[in-house]
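Report on the structure given below.
The values are calculated or read from the model by the stated rules, or taken from the named source; none is laboratory data. Here the structure is a predicted model, which means the values were calculated and not measured. No Cβ is skipped: glycine too gets one built from the backbone with ideal geometry, and neighbour counts run over all protein chains shown.
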Amino acid sequence: MRCRHDSPVCRLLQSGGLKRVKVTFVLILSVFAAANSGWARLGDSSDKIEDSYGAVMQRRLRNDGTVTVVYKKDRYLYFVTFANDRSILETYSHVKGTDLSEREIARFLKANAAGGTWRADNIGTARRFKRSDGHAEATYAPVNGRPTLTVRELHSDHRGDQ
């Protein structure tokens with residue numbers, strides 16, 4: 001097929017524009033990948049969580065075979081429960097014990113959306129959220145006196161894979 005010099009596609013190819021489009025596309029993908037890699041989420045491995053959440057402050061093996069780990073990164077404390085090397089519960093709170101902002105709550109919920117959406121399901125004084133796929137729920141309430149967002153898998157049988 002012969003290129004007509006007056007077609008927009010031909011002008012794009014001749015001007016090197018296609019190379020610029022490819023470079024721009026790769027840059028955009030890189031930015032999204034980098035932005036996404038900073039957030040761990042339910043179901044991620046312990047390696048991914050450690051890379052995302054930073055310094056381990058405490059690690060405990062529980063009687064049921066799960067492992068709980070407390071991480072500290074920047075101004076947050078992350079408490080994560082692992083079963084079969086997969087995160088099944090995560091909590092997020094400020095190191096200083098202050099409330100999370102609406103924006104922070106939304107950001108943590110979005111990181112754990114798994115392609116779905118969260119809807120408020122408030123009952124009583126605790127704020128509750130349900131994920132649209134029915135596989136996770138979240139609550140924002142005090143835990144040990146600290147305002148905490150807790151996100152957990154529902155219907156997780158962590159003993160089935162052993």
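Observations on the model:
- Listed by position, the strands (runs of 3 or more DSSP E) contained in the stretch 85-142 that have at least 3 residues being among the basic types (Lys, Arg) and either touching a helix residue (DSSP H, G or I) at 6+ places or on another chain (Cβ under 6 Å) or surrounded by 14 or more Cβ atoms within 10 Å (Cβ to Cβ) (or both) are 127-131.
- Unique residue being under 17 Å from the mean Cα position of the chain (by Cα) and among the small types (Gly, Ala, Ser) when the list is Ala113, Ala126, Ala55, Ala120: Ala113
- Here is the figure for the stretch 82-106: residues that are without any contact (Cβ under 8 Å) to a residue 24 or more places away in the chain and touching a Ser or Thr at 6+ places or on another chain (Cβ under 9 Å) total 0.
- Test for Val67: is it at pLDDT 95 or above, among the hydrophobic types (A, V, I, L, M, F, W, C) and farther than 23 Å from Ala106 by Cα: yes
- Residue match in the stretch 72-79 (condition: among the acidic types (Asp, Glu) and touching a residue at least 40 places away in the same chain (Cβ under 8 Å)): no
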